[in-house]
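Visitor: The following block contains the structure, expressed as structure tokens.
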Amino acid sequence: MRIADVLRNKGRAVVTVPPTATVGEVVEVLATRNLGALIVLEDTAPIGIVTERDVVRLIHVHGPGVLDARVSDVMTTAMYTCLPSDSVDSLAETMTERRIRHLPVLVDGQLAGIVSIGDVVKSRIDELQAERDQLESYIDHG
């Protein structure tokens, strides 16, 4: 299965914020939309990512005053990304090895979606269920 298949099933919508947003605004969007990460866009280009974990660590180190900081000052700019043509298995390996929970999907440098570790796990479970159903059908009608 490819990342394009995952996006086809879950959709390509991605919630983004501009680099001028505050960390407090990011927290509000993460909480109200029940998300784990936001992509930071400048014009139409992804320039960073900010996650729930990032925010928690920032508050721990800098205190609640960090909520007034600009997301551009705290975002992760060295993002790992993937392509729609990448396999789900290779993505699962990358996410596990690098302890990454969210990967932006890019096409020609433009944001085409986002894949979470939950999406990867769900796609693998769906694959296993389909294989199980095929085997059961084969046994029943063998």
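Visitor: From Asp126, Asp86, Asp54, Asp119, which residue is surrounded by 13 or more Cβ atoms within 10 Å (Cβ to Cβ) and under 12 Å from the mean Cα position of the chain (by Cα)?
Guide: Asp119
Visitor: So which residues in segment 19-77 are among the basic types (Lys, Arg) and within 23 Å of Ala112 (Cβ to Cβ)?
Guide: Arg33
Visitor: What's the number of the only condition in (1) in contact with a Leu (Cβ under 6 Å, 6 or more places away or on another chain); (2) closer than 30 Å to Gln129 by Cα; (3) among the hydrophobic types (A, V, I, L, M, F, W, C) that Val23 fails to meet?
Guide: For Val23, the failing item is (2).
Visitor: I'd like to know if segment 84-94 contains one or more residues that are hydrophobic (A, V, I, L, M, F, W, C), within 22 Å of Gln110 (Cβ to Cβ) and out of contact with any Gly (no Cβ under 9 Å at 6 or more places or on another chain).
Guide: Yes, segment 84-94 has at least one match.
Visitor: Could you tell me whether Ile49 is open to solvent by less than 50 Å² (accessible area, probe 1.4 Å) and touching a Gly at 6+ places or on another chain (Cβ under 8 Å)?
Guide: No.
Visitor: Test each condition in (1) in contact with a Gly (Cβ under 7 Å, 6 or more places away or on another chain); (2) modelled with pLDDT of 95 or more for Ile3 and report the one that comes out false.
Guide: (1)
Visitor: Same structure again: Of all residues in segment 71-109, how many are in contact with a Cys (Cβ under 9 Å, 6 or more places away or on another chain), without any contact (Cβ under 8 Å) to a residue 60 or more places away in the chain and either under 15 Å from Thr51 (Cα atoms) or assigned to a loop (DSSP other than H, G, I, E, B) (or both)?
Guide: Adding up the residues that qualify gives 1.
Visitor: Right, something else. Restricting the search to segment 51-98, which residues are touching a Phe, Trp or Tyr at 6+ places or on another chain (Cβ under 7 Å) and not charged (D, E, K, R)?
Guide: Thr94
Visitor: Could I ask something else about it? Could you check how many residues of segment 57-73 are open to solvent by less than 90 Å² (accessible area, probe 1.4 Å) and under 16 Å from Glu28 (Cα atoms)?
Guide: 7
Visitor: Here's a follow-up. For segment 93-142, give me each residue that is touching a strand residue (DSSP E or B) at 6+ places or on another chain (Cβ under 7 Å) and of a type in the set (Gly, Ala, Ser).
Guide: Hits for segment 93-142 are Gly109, Ala112, Gly113, Ser116.
The values are calculated or read from the model by the stated rules, or taken from the named source; none is laboratory data. Everything numeric in this text was worked out from a predicted model, so none of it was measured. Positions of Cβ are generated from backbone atoms using ideal geometry, with glycine treated the same way; all protein chains shown enter the neighbour counts. The area values use the complete protein model at the heavy-atom level, side chains included, leaving out ligands, DNA and RNA. Shrake-Rupley method; radii C 1.70, N 1.55, O 1.52, S 1.80 Å.
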